[in-house]
Structure formats: C-alpha cells, structure tokens
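Notes follow once the structure below has been shown.
A short reminder: the numbers here are calculations on the coordinates, not readings from a lab. Please read these numbers as outputs of a predicted model, since none were measured by experiment. Virtual Cβ from ideal backbone geometry, glycine too; neighbours counted across all protein chains shown.
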Amino acid sequence: MALNRSLPATPPTFAPHAEALARVPRALAVRHDALPLSLADGVLAVALAEPGDDAVLDALRAATHLPIRAVQMPRDAIRERLRFAYGTSPAESRERAGDGPAARAVDLVFARAIAAHASDVHVEPAVGGGRVRIRVDGVLRELETIGTDLFPAFVSRLKVLAAMDVADRRQPQDGRCSIPYEQREIDARVSSVPTIGGEKLVVRLLDRYAAAPDLDALGMPSPLLERYRAAIRAPWGFVVLTGPTGSGKTTTLYASLVRLDAGTRSICSVEDPVEMRLADIAQVQVNVRAGVGFPTVLRAFMRQDPNVVVIGEMRDGETAAVAVSAALAGQTVFTTLHANDAPRTIDRLIELGVSRHSLAAALTVIVGQRLVRTLCERCRIRVAIPAAVRERLGGDHEHWYVAGGCRGCEGSGYQGRTGVYELLAVDDALRDAIATGASSVHVAQLAARTGYRALREDALAKVVSGITSFDELTRVAGWGGPT
C-alpha cells in the first residue's frame, strides 16, 4: 500500500543513501526537486519541499514501483544535495534557481502576459529561434521573439517549472506551476506538443483569487437575465451553459454560483481545473492519475446531501448520466458543454448517451453564449451601415461603429469583452418534442413561440448600439442575417 504521510523537516546533515539514489532516475529527481534518502522495509523515503504534492508522489511511485514516504525539506537544501548526489551542472543549478538568462526571460514573459490580462501564452518554434504570442480578449498577438541561442533553454525552463520531462521532446506532455505576481499566485497549466520545427508550448493562466464575476455585468440582456435568475433559483433542475472553448461558460457558471445562498444550501463542485476559489462551496479538483474523475466525485457527492451539484465540464456519457439522475432526484445541477448553440445542445447530450425521456424530464434551461470584443469608446468610428446589410437588418438603423485605434487600446480599436447570449427555457411543449425525437430545428421553432431568440440577435443588438462591431460579430458568431 502506498504511503503518503510526511514527516517534519529533516536535519540539514541528513545524507542520501546510494541504494535510494539508484532507484530514482536523475531526470525525475531533478525535475521534481525530489531527493531520495533511504530504502528500508521496501519503502523509499524521499525529501520534498511540498510533501503533499500528489502529482510528484504519483510520478515517484510509477518510476520506482515502491511505496513513498515523503519527508519535508527546504527546496534549496534539496537542490544543493541533488547537485552533489547526481552531479547537476552549475549552469542547470542556476537556471533551476532562477538565476540564468532563460529563467529571467521566462519570468519577464509571464509578468508581461499577466499585466496584459492574457488568458494564454503560446511559445512556438520559428525560423531563427522562436516567438511568444499571448491571447488577449480572445485574439492572439505577438509579444516578442526569442533568439536561437536562448529558445531551447527557454522551453526547458518552462518545462522544469511545470514538472515536465525536459529530456523527452517526442511525446506531448502536460504540467502545472504557480507564478508569483503582485502578492498573489497565478496558476499556470502548461501543455507541450512536438512539431516538425520543435516543441510548441501553451500556458493557460488562471487567477484563482480574482474577484468573483458579477452576473449582472456579463452582458446578458435583461429579459434573458430575469428568466435565467428564475431558473437558477429553482429547487431542482438541469442548467446547461454551452458554447465553444473560450466563450466564457465558466465565468457565467461562477457568476451563477455566487448568486446562490451557500449559507442555506450545500453546494458541491467538481472541476478540471478549479479556476477560481469560491467561499462556502466544496470544490474538488479532478486528478485522473489518482482515480479522482468526474463520475467518481459525482457519485461521492450524492452521499453528501447536496442541494446544488456543479460539473465544470460535461465530457463523457457516464458523467452525463449521473448528472441527469441527480437533477431527477431533486438537486439543481449546473454544467458546461461544448455545442454550437442551445438547440443543438440537446443533440449533443443525447450523443453522450442520455436517454431522451430522462433528458426531457430533467432539463430546465440552456444558455448559449460567445464572447465579443467591445469597441474602444475613445476611438470608435461612426459609419453608415452598408445598404445590403441594412436591408437584412430591417428597422430604421442607419449607422453603427467600427474599430479605430488609439494608445489606450494599443491600436486594436477594442478594449475588453462582453457576452452575447441566447436562452432556451424548457417548457412542457419542448419536453414532449425532446422525448419524441424532434430535431434541433424543430426545437428552436417551438421555443421561438415563447421568446427564444438566436444568439445572433443579441449580437446584432450590441452591434447597432455601438458596443461591438459587425466585424467582431462575423469573427465570433458568423453572419446569416437575423432569424
């Protein structure tokens, strides 16, 4: 049986034994700052700066096939002993300690990306070295280039920080780390993929301690917002937030949870990753290697007397089945799902294996959404709407705004983002249609009789009011004219 308990910090004179060192590969020990100490009674004692790090313990158990006893030791002391035990080079030690040029370059990129409110950092091989791009308000822009002499070390430094295998450049890898920034820490999720030009890394930046989003400030039109508030206040139901990656689903989810009364309700959430810590809500981080997956946690929640169950993302049929069962059992279930619009979300859930009759009985509301950039109010330009488009818009709209460009928006013409939404509330007529196999087109037609409007209509309203541009609507949601 694997042991995970930790002991108090070791004395500074504690030295590793050769037998223990032989069991742990040098690359693994250096990557995780893991110092093998002793092997006794079939248990390997390893010094770690964070003895409760399950990911490191899992990696050590997988490599050694031994139970691990984690012993706490300061990180600097571990690195000093590793240098002598495995012969770590002075240059590598400097990089790991954050003193080398690659380490300084990585720190600078992270600082600039976080200051720009970037959601992702892309590190890509290129002719003459590499380049770094950041995604701000949903759009990638170049941050800087990295010379050939520094780019390999830059990539290695990122992989070391994320506890990835620096020596393995042929397999995709995932890792994570924390980045200190202005008295707080930003979570970084790192993904690497080998390309024909070299390794490409993408870093997702997550500020767990950011202020909780305000549901009223997300851009949801007032009529939809009122209907949505009523749905999430209901004592039971199945609430689905849908859209592609990067459409703001998780933000809407968190904003919804903040509105619930956690003092009188038991709220349980399973997420991968936990992007924001919310007070009085039991949040569980998925850890597949440790056997902590969405279905496992959801079944455990059902024994925890929950009122509200939150699933960060619906990914498989087993999770979907448990979620629908929970909604039918009297809980309010929130989840996010990748689908193109609200009516097609029903098809997607059925594809995951949920029976039509169960889905019809459980489903209460589906919110489809996208994020569009908002025009910079200092430099937006008022122009006449092209005649061909004006005919399709209808009404008496003659002007809208296009992006300009100024120092305040760094020449982009946009500053910040807002949501565009559609809401499909499930009534008895829709339940019958879902249960009897109606197409998504028929579902949309039925819903339109009781107020459903496609997402493009909200987007167009924001265009003609000067909040965003027609170009942005086309980029994010396409253009098929109002329905």
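Quick notes
- Each of THR450, THR345 was scored by other Cβ atoms within 10 Å of its Cβ. Listed from fewest to most, they are THR450, THR345.
- Computed over region 6-87, the P(r) curve from all C-alpha pair distances, binned at 5 Å from the origin, holds 3, 17, 34, 28, 16, 2 percent per bin.
- Per-residue ³J(HN,Hα) for region 191-200, Karplus 6.51 cos²θ - 1.76 cosθ + 1.60, θ = phi - 60°, Hz, x for Gly and Pro: 10, 10, 9, x, 10, 5, x, x, 6, 10
- Nonlocal amide H pairs with ALA49, under 5 Å, H built at 1.01 Å: MET73
- Sites ARG407 and ARG112, calculated FRET efficiency, Cβ-Cβ separation with R0 25 Å, nearest 0.05: 0.90
- Radius of gyration over Kirkwood radius for region 101-206, both on Cα atoms: the Rg/Rh ratio is 0.93.
- Spacing of the modelled spin labels on HIS399 and ARG475, each 7 Å from Cα toward Cβ, amounts to 2.4 nm.
- The residue among ALA70, ALA435, VAL274 whose Cα reaches farthest toward the positive pole of the charge dipole of the chain, with charges on the beta-carbon of Lys, Arg, Asp and Glu, is ALA70.
- The chain: proportion of alpha-carbon pairs further apart than 38 angstrom, %: 38
- In the chain, a dipole from Cβ-located charges (positive for Lys and Arg, negative for Asp and Glu) runs towards its positive end, and of ALA230, LEU423, GLY130 it is GLY130 whose Cα lies farthest in that direction.
- Each Lys and Arg Cβ is given +1 and each Asp and Glu Cβ -1; about its Cα centre, the chain then shows a dipole of about 340 debye.
- The residues ASP347, ASP149, when put in order of fewest to most other Cβ atoms within 10 Å, stand as ASP149, ASP347.
- Region 215-477: proportion of alpha-carbon pairs further apart than 31 angstrom, %: 31
- Subtracting the Cα-Cα distance of ARG382 and GLU185 from their residue separation scaled by 0.36 nm leaves 66.7 nm.
- Rounded to the nearest 500, the helix-only mean residue ellipticity at 222 nm of the chain stands at -10000 deg cm²/dmol, with each DSSP H run of n ≥ 4 adding -39,500 (n - 2.57).
- Dipole magnitude for region 101-206: about 80 debye, using +1 per Lys or Arg Cβ and -1 per Asp or Glu Cβ, origin at the Cα centre.
- One compactness figure for region 261-409 is 1.47, namely its Cα radius of gyration divided by 2.2 N^0.38 Å.
- A simple charge model with +1 on the Cβ of Lys and Arg, -1 on the Cβ of Asp and Glu and nothing else charged puts the dipole of region 215-477 at about 320 debye relative to its Cα centre.
- Residue order for PHE294, PHE154, fewest other beta carbons within 10 angstrom first, comes to PHE154, PHE294.
- Positive end of the dipole of the chain (Cβ unit charges, origin at the Cα centre): among ILE146, VAL106, VAL324, the Cα lying farthest that way belongs to ILE146.
- Of all aspartates and glutamates in the structure, those lying under 15 Å Cα to Cα from LYS462, and not within fewer than 8 positions of it along the same chain, are GLU377, GLU398, GLU422, ASP471, GLU472.
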